[in-house]
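In what follows, a structure is listed as C-alpha cells, so that the remarks can point back to it.
The values are calculated or read from the model by the stated rules, or taken from the named source; none is laboratory data. Nothing here was measured: the structure is a model prediction, and the numbers come from that model. No Cβ is skipped: glycine too gets one built from the backbone with ideal geometry, and neighbour counts run over all protein chains shown.
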Amino acid sequence: MKIDRRTFLAASTSAVLLGKAVQPAAGQAARGSKAAMPFSVAGREATVYTTAKDSELRLAKTGTLAFKPSAQPLESQTCVFVDPARTFQTFLGIGGAITDASAETFYKLPKQKQAEIVKAYYDPKDGIGYTLARTNIHSCDFSSGSYTYVKEGDKELTSFSVEHDRQFRIPLIKQAMAAAGGKLDIFASPWSPPAFMKDNNNMLRGGKLRPEFYAVWAKYFTKFIKAYASEGIPIWGVTIQNEPMATQTWESCIYTAEAERDFLKNHLGPEMKRAGLADKKIIVWDHNRDLIYQRVNTILGDPEAAKFAWGIGYHWYEPWSGGDMMFDNVKLVHETYPDKHLLFTEGCADSYNPAKVKDWTHGELYGRSMINDFNNGTVGWTDWNILLDETGGPNHVGNFCFAPVHADTKSGEVTYVNSYYYIGHFSKFIRPGAKRIASSPSRSSLISTAFINPDGKISVVVMNKGEKKVDYLLWLAGNAAEVTCEPRSIQTLVI
C-alpha cells in the first residue's frame with residue numbers, strides 16, 4: 001500500500017496557533033488542575049482529520065470549522081464539551097515495539113520500502129510521529145529463536161554481548177531514532193532470564209527466577225542498558241518482567257507480587273543505583289488490567305520498593321472478562337497512586353488471518369482503548385510489533401498476530417492496517433509534554449479525549465462507534481463548531 005502524502009498534512013501548517021499552552025501552577029495536583037488563564041476560541045477555527053470505514057478517508061483533512069458564540073445547548077443536541085481550563089496528566093508519548101521480528105522483516109524489504117515504513121511511523125510531519133519504543137532484552141516469542149546475551153551457565157556475566165542485536169534490531173532502532181528527530185524514549189522488557197537462572201532450567205514455559213540469581217539478573221539489566229548506550233541507543237527505562245503471571249509456550253517467567261516487590265526493592269533498584277543508572281525508569285507489572293490493582297498495591301504499599309518504581313505498565317489481553325476491557329481498574333490505580341505513572345506497554349489484535357486484514361474492528365479496538373486509557377490517567381501508549389511479515393511473524397513458537405503494518409517479504413509490498421491510522425489520530429496530533437484537558441460527550445455513541453499541546457494547539461479525538469452518522473457541536477467556553485462524524489469513524493479536531 002502506498003502512503004498518500006496528502007493524508008499526512010502537517011497540523012502545523014493547517015491549524016491556528018493559540019500561543020503558549022495552559023500549564024497548572026507549581027505544586028498543583030495533576031488531577032483536574034484549574035488553569036490560571038481563561039481560554040477563548042471566539043473567532044477561531046478547527047481543522048478536522050478523519051479516518052472512516054467504507055471510505056477512502058485515512059487521516060485525511062476533511063474540513064475547517066468555525067466557532068461561533070453558543071448559548072446553553074439544548075437537551076436534544078449532541079455535544080462534545082471541552083474545557084481547556086481543566087488540566088490533568090502530562091503526556092509522555094505514543095509508539096510501538098521494535099522486536100527481532102519487526103527488524104528481521106524490515107531488512108528483507110527493498111530499501112525504498114524500508115525508508116517508507118520508517119517515515120510513516122516516526123516522521124512527525126509526513127508520518128504519525130512516534131516518540132516511544134519498546135524492545136526486548138534478548139529473545140521473546142517474536143524472535144526467530146531463543147537466545148541470550150551470555151553463554152549458558154555464565155554466572156559472572158563475563159561473556160555478556162549484544163552482538164546478536166547488531167545484525168537487525170540495533171540498526172532499525174537507529175533509523176527510527178533519526179527519523180524521529182534524533183530521540184526516542186526506549187524502554188526494554190525481558191521475557192525470561194537465561195535458562196540456568198530458572199527453576200525449570202528452560203527459558204520457555206514459565207518457571208521462576210531462582211533466588212540465588214536475583215542479584216546476577218539485576219546486574220544483567222544494567223549490562224544491557226550500558227551495552228545499548230555504547231551502541232548510541234539510550235535506554236529510557238525497563239520493565240521488570242513481561243507478563244509475570246503468564247506461563248507461555250514461549251519465553252516467560254513467573255513472579256508473584258511479593259517476588260516482584262522484593263526483586264525490585266532488594267536487587268534491581270539498588271543495582272541500578274550502584275551502576276549509575278538511577279535516572280532510568282523502572283516499570284512494574286507489565287501485564288493485563290485484570291490483576292493490576294493487587295500487584296500495584298503489593299509493590300507500592302512497600303515504601304522501600306515504591307521509591308524505585310517510576311510507574312505501572314499494563315496490557316489489554318483479558319479474553320476471560322467477557323469483552324470488558326476493565327478500564328475502571330486503571331482508573332482505580334491512578335486514583336490510589338496519583339504520584340506514579342501509568343503506561344500502556346503492549347496490545348495487538350492477535351491470531352493473524354490474512355482474510356481479516358481489512359477488519360475495521362482492529363482500529364476500533366485501538367481507538368476505544370487509547371481514549372479510555374488516557375481519560376483514566378495513562379501518560380503513554382505503546383503498541384506491540386511495529387511491523388510483521390505476511391504470516392504475522394516471524395515467531396519461533398507460531399504465536400502469529402496482527403501489526404499495524406504488514407510486509408510481504410516475497411513481493412516487497414507493504415499493507416497498512418486500519419489500526420495504523422487509528423493510532424495516528426493520537427500520535428500525530430498529541431505531542432510529548434501535552435496536558436490532557438476535560439472532554440465530555442453528551443451521547444454514548446461518541447467517545448472522546450482531548451489534550452492541549454506545548455505549542456498551544458488543542459487536539460480533540462472523537463470516535464463514532466455506531467453505524468449512523470452523528471452531527472454534534474464541539475463546545476468550548478460558550479462557543480461551538482458544528483461537526484459531522486461519519487459512521488464507524490475516528491476524527492481529530494485541531495484548534
Restricting segment 148-178 to residues that are surrounded by fewer than 16 Cβ atoms within 10 Å (Cβ to Cβ) and hydroxyl-bearing (Ser, Thr, Tyr), the residue that is farthest from Ile128 (Cα to Cα): Thr158
Which listed residue is surrounded by fewer than 19 Cβ atoms within 10 Å (Cβ to Cβ), among the charged types (D, E, K, R) and touching a residue at least 12 places away in the same chain (Cβ under 8 Å), from Arg205, Arg261: Arg205
Qualifying residue in segment 331-354 (condition: of a type in the set (Val, Ile, Thr), over 21 Å from Ser189 (Cα atoms) and crowded, with 21+ Cβ neighbours inside 10 Å): yes
Set Pro211, Pro244: member being more than 25 Å from Pro171 (Cα to Cα) and surrounded by 18 or more Cβ atoms within 10 Å (Cβ to Cβ): Pro244
Segment 238-264, residues that are under 14 Å from Gly311 (Cα atoms) and touching an Asp or Glu at 6+ places or on another chain (Cβ under 8 Å): Thr239, Ile240, Gln241, Arg261
Verdict on Ile186 being in contact (Cβ under 8 Å) with a residue 24 or more places away in the chain, over 15 Å from Gly232 (Cα atoms), surrounded by 14 or more Cβ atoms within 10 Å (Cβ to Cβ) and among the aliphatic types (A, V, I, L, M): no
Thr135, sole failed condition from (1) part of a helix (DSSP H, G or I); (2) under 19 Å from the mean Cα position of the chain (by Cα): (1)
Candidate set: segment 404-430, residues that are touching a Pro at 6+ places or on another chain (Cβ under 8 Å) and not hydrophobic (A, V, I, L, M, F, W, C); chosen: the one farthest from Ile490 (Cα to Cα): Gly412
Out of Gly363, Gly380, sole residue that is surrounded by 24 or more Cβ atoms within 10 Å (Cβ to Cβ), in contact with a Lys or Arg (Cβ under 9 Å, 6 or more places away or on another chain), at pLDDT 95 or above and of a type outside the set (S, T, N, Q): Gly363
Any pair with Cβ under 9 angstrom, 6 or more apart, that starts in segment 451-464 at a residue that is within 20 Å of Ala480 (Cβ to Cβ) and ends at one that is part of a strand (DSSP E or B) and among the basic types (Lys, Arg): Phe451/Lys435; Phe451/Arg436; Ile452/Lys435; Ile452/Arg436
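Kindly check whether there is at least one residue in segment 207-214 that is aliphatic (A, V, I, L, M), under 24 Å from Met272 (Cα atoms) and in contact with a Lys or Arg (Cβ under 8 Å, 6 or more places away or on another chain).
Yes, segment 207-214 has at least one match.
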